[in-house]
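Each remark here refers to the structure printed beneath this line.
Throughout, read-outs are computed from the coordinates displayed, never taken from laboratory work. For clarity, every value in this text was computed on a predicted model and none was experimentally measured. Glycine gets a Cβ as well: all are built from the backbone with ideal geometry, and neighbour counts include every protein chain shown.
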Amino acid sequence: MLRISSIFCMLWFCATLSAQNDSIPETVHDSTKIQQKFGLRLGADIGKLGRSFLDDDYTGFEIIGDFRLTKKLYIAAEIGVEEKNTITNYMDITSSGSYLKAGVDYNMYENWLDMDNMIFAGFRFGGSTFSQDLNSATIYTTNQYWSPQLTSTDKIEVSGLSAFWAEILLGIKAELFKNLYMGLNVQLKILATETKPDNFGNVYIPGYHKNYDNSPIGVGYSYTLSYRIPLYKKD
């Protein structure tokens, strides 16, 4: 009889304890939401502007832009014009034209709270239409006995040339002030196709830069200053 009473008391105690636990309200876990800015960012390549003032043989201007699609992904484009005068011991060529590049950037940097900086990798498809003007040329020969060498000063103008390439970018963008960004990137370019003049090659392609000894590999860099137009925010 005593054993049955003990079992009954234990069952009653467990039921009472369970009822008390059920009456305790559950803790609601709330998370803090951070709103990030989305919008169109526009700017210019200030490196090309600076070079235009410092280098008498170069003139260039480039407008840059990007639009944020997701937390990490941006669509981006650049459009510009360049004129470069290349002078060596054997030729004087002026290259001039316009170009357009378009692609995407991916931000690999994890920002803290409301920071909005980028360490990014990108990809572009580029195309250029340009002209090559041969101002003068000297015929090179291994026989240096006869001098002076034959030099032609008859200008040859070739327009309607084009080139297409792909490029990989690595760069950074830092927010200096609210919505104002400074950026730096380097570019590795792979030339896919180009049209050439009949009598000489393309020594400089606007947007692609130097054509090193007919190699399909080129390099470039940009210093940028841009402003984001904040259109909306997302959590």
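Some values worked out for this structure:
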read-out: Eligible aspartates and glutamates near Lys234 by straight Cα distance, threshold 16 Å, same-chain separation 8 or greater; value: Asp114, Asp116
read-out: Relative contact order, percent, the range 173-235 [alpha-carbon distance under 8 Å, six or more residues apart]; value: 42 percent
read-out: Cα gyration tensor category, rounded, prolate or oblate, for the range 39-189 with a/c compared to 1.5; value: prolate
read-out: Net charge contributed by nearby residues that have their C-beta within less than 13 Å of Ala163 (K/R +1, D/E -1); value: +1
read-out: Listed pairs Lys84/Lys189; Lys173/Lys196; Lys178/Lys210; Lys72/Lys210; Lys72/Lys196 exceeding 28 Å between Cα atoms; value: Lys173/Lys196; Lys178/Lys210; Lys72/Lys210; Lys72/Lys196
read-out: Charge context of Asp105, other residues only, Cβ under 13 angstrom, K/R +1, D/E -1; value: +4
read-out: Summed side-chain charge close to Arg41 - residues other than Arg41 whose Cβ falls under 9 Å, Lys, Arg +1, Asp, Glu -1; value: +2
